[in-house]
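Take a look at the structure set out below.
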């Protein structure tokens, strides 16, 4: 009988301790803690910076025709060699020139009814060129077109210091959020305390592209401005 009692008492204590722990876990948050969680203000701050593009990426090339695939390829190779030489002579480094498209397609008589009649072949050879000094863009286009480039599929203007400028916009966006938080806090008779949470919602503007065009003469170029925007959401603790 004594042996059974000695084994029962420790089990009873364990059950009692478990009940106490469960009750503590289910107990409501104390009033001061709940009040602290409620004393928050969440605001959105934003800022924009206008930047003038200082570099560009262009895509141009040569389209050639021939009665045979060999004739079209040979003509294209000769014309493209002259275009690449002109681009390099205008000051573009070889590392900034990359072939982006090369195709050979059969050409059929559009007036033929019934079975298609092969009339020749067309070769398209296009390169992507990075212009690090946007002031030389017009000169590069002029020389390439004069050398035989007859296709241009787009121009993308680039802000080379975009990351640095976006950091400035982010700092300004946080300052804007703090200004708004102080406005709300003052209206409520409170003060702005610590930052409790912060998240970024900003986006980088898409590159500005020009539509495809046949390059007969160099087009007028107007890089304009790009707007870099940063948006942040910040939660501040409110103090009395």
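The values are calculated or read from the model by the stated rules, or taken from the named source; none is laboratory data. Please read these numbers as outputs of a predicted model, since none were measured by experiment. All Cβ positions, even for glycine, are placed from backbone atoms using ideal geometry, and neighbour counts span all protein chains on display.
Tabulated results
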| quantity | calculated |
| --- | --- |
| Flag for residue 171 being modelled with pLDDT of 95 or more and either surrounded by fewer than 21 Cβ atoms within 10 Å (Cβ to Cβ) or part of a loop (DSSP other than H, G, I, E, B) (or both) | yes |
| Every pair of residues 6+ apart whose Cβ atoms lie under 7 Å, when the first sits in segment 149-163 and is under 10 Å from residue 55 (Cα atoms) while the second is assigned to a helix (DSSP H, G or I) | 159/165 |
| Qualifying positions in segment 144-162 - at pLDDT 90 or above and loosely packed, with under 14 Cβ neighbours inside 10 Å | 146 |
| Selection from segment 176-194 of residues that are under 17 Å from residue 229 (Cα atoms) and out of contact with any strand residue (DSSP E or B) (no Cβ under 7 Å at 6 or more places or on another chain) | none |
| Residue within segment 199-208 that is in contact with a strand residue (DSSP E or B) (Cβ under 6 Å, 6 or more places away or on another chain), in a helix (DSSP H, G or I) and not assigned by TED's automatic domain parsing to the domain that holds residue 92 present | no |
| Complete set of residues in segment 37-72 that are outside any strand (DSSP E or B), under 20 Å from the mean Cα position of the chain (by Cα) and surrounded by 14 or more Cβ atoms within 10 Å (Cβ to Cβ) | 53, 54 |
| Residue within segment 174-189 that is exposed (fewer than 14 other Cβ atoms within 10 Å of the Cβ), at pLDDT 90 or above, more than 27 Å from residue 80 (Cβ to Cβ) and under 19 Å from the mean Cα position of the chain (by Cα) present | no |
| Unmet requirement for residue 124, which otherwise passes all of (1) outside any strand (DSSP E or B); (2) within 18 Å of residue 82 (Cα to Cα) | (1) |
| All positions within segment 130-164 that are closer than 19 Å to residue 222 by Cβ and part of a strand (DSSP E or B) | 131, 152, 153, 154, 155, 156, 157, 158 |
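Residue-wise test of (1) farther than 30 Å from residue 168 by Cα; (2) modelled with pLDDT under 75.
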position: 19; (1), (2): yes, yes
position: 36; (1), (2): yes, yes
position: 46; (1), (2): no, no
position: 58; (1), (2): no, no
position: 85; (1), (2): yes, no
position: 94; (1), (2): yes, no
position: 107; (1), (2): yes, no
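The rows are residues; the columns are (1) modelled with pLDDT under 95; (2) surrounded by 14 or more Cβ atoms within 10 Å (Cβ to Cβ).
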| residue | (1), (2) |
| --- | --- |
| 74 | no, yes |
| 78 | no, no |
| 97 | no, yes |
| 110 | yes, no |
| 123 | no, yes |
| 127 | no, yes |
| 130 | no, yes |
| 142 | yes, yes |
